[in-house]
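Structure first, commentary second.
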Amino acid sequence: MSEPAIMITAADKAEGFASGSPMITPTARTGIKEPREHSDKAEGFASGSPTITPTARTGIKEPREHSDKAEGFASGSPMITPTAWTGIKEPREHSDKAEGYAQFLEQVTYYIEASPHEVSVMANISAALRETFGFFWVGFYLVRNEELILGPFQGSMACTTIKYGRGVCGTAWQRKQSIVVADVEQFPGHIACSSLSRSEIVVPLISEGEVKAVLDIDSDSLAAFDETDRQALEQLAALIAKQIY
């Protein structure tokens with residue numbers, strides 16, 4: 001026997017709309033359990049770290065579980081690795097840092113020249129740098145009026161705006177030159193977007209004598225960057241600036 005229909009009187013309906021919360025709920029038409037029944041999910045969202053994982057909602061196996069390549073593509077999760085798109089050796093295989101950067105610059109040039117759009121180029125470069133060299137955080141800050149605003153990046157959440165002359169990024173913008181910081185806690189006015197960041201390098205993107213953006217890379221190790229990093233990343237910044245500005 002079907003359940004009796006629920007009757008809502010005109011008075012009830014008027015009261016519901018007047019309060020801004022009519023008595024029909026989003027789940028009334030779907031049969032989905034009310035949020036209060038999802039104790040784990042509610043707790044996860046409340047803490048800011050829901051328990052659902054990217055693959056939890058699809059049932060697709062993680063790439064490492066694919067014993068067969070065809071199965072992987074069929075399920076929508078091929079066994080592609082971070083460096084498969086470039087053929088760049090994993091960072092641990094680079095016996096020489098300069099050699100690693102040379103190989104990276106040679107292969108990433110295509111992705112820079114493939115698009116004239118600022119966001120597209122920066123998004124790909126951020127991903128390529130982090131996947132290839134394993135940096136803790138990689139991203140760009142874009143000059144907008146008198147401040148830097150967060151652009152494409154790879155890593156944990158970051159500061160959204162930085163004032164001119166403030167922190168490592170703002171100082172690199174002000175000086176129009178790269179800054180290598182062996183220990184961020186020793187840098188005057190350092191802006192701690194993440195407490196895990198220990199050293200940093202910032203390289204400005206300059207066009208016609210003006211800083212248009214800065215490339216910011218953080219490491220969770222002290223003194224992770226040196227002159228080799230600076231020279232290579234300045235070459236990269238020059239390639240990007242030439243293409244998009």
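Summary table
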| item | result |
| --- | --- |
| FRET efficiency for residue 177 and residue 113, using Cβ-Cβ distance with R0 set to 25 Å, rounded to 0.05 | 0.45 |
| Relative contact order (%) - region 91-244, alpha-carbon pairs under 8 angstrom, separation at least six | 22 percent |
| Net lengthening on full extension, residue 160/residue 222 (0.36 nm per residue, minus Cα-Cα) | 19.9 nm |
| Nitroxide proxy distance, nm - points 7 Å out along Cα→Cβ at residue 238 and residue 147 | 3.3 nm |
| Count of lysine pairs in region 93-245 with Cα separation under 23 Å (8 or more residues apart, or interchain) | 5 |
| Where Rh is the Kirkwood radius over Cα pairs, Rg/Rh for region 91-244 | 0.93 |
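Every number in this text was worked out from the coordinates using simple rules, so none of it is lab data. Just so it is clear, the structure is predicted and the values come from calculations on it, not from any experiment. Note that we place each Cβ from the backbone using ideal geometry, even for glycine, and neighbour counts take in every protein chain shown.
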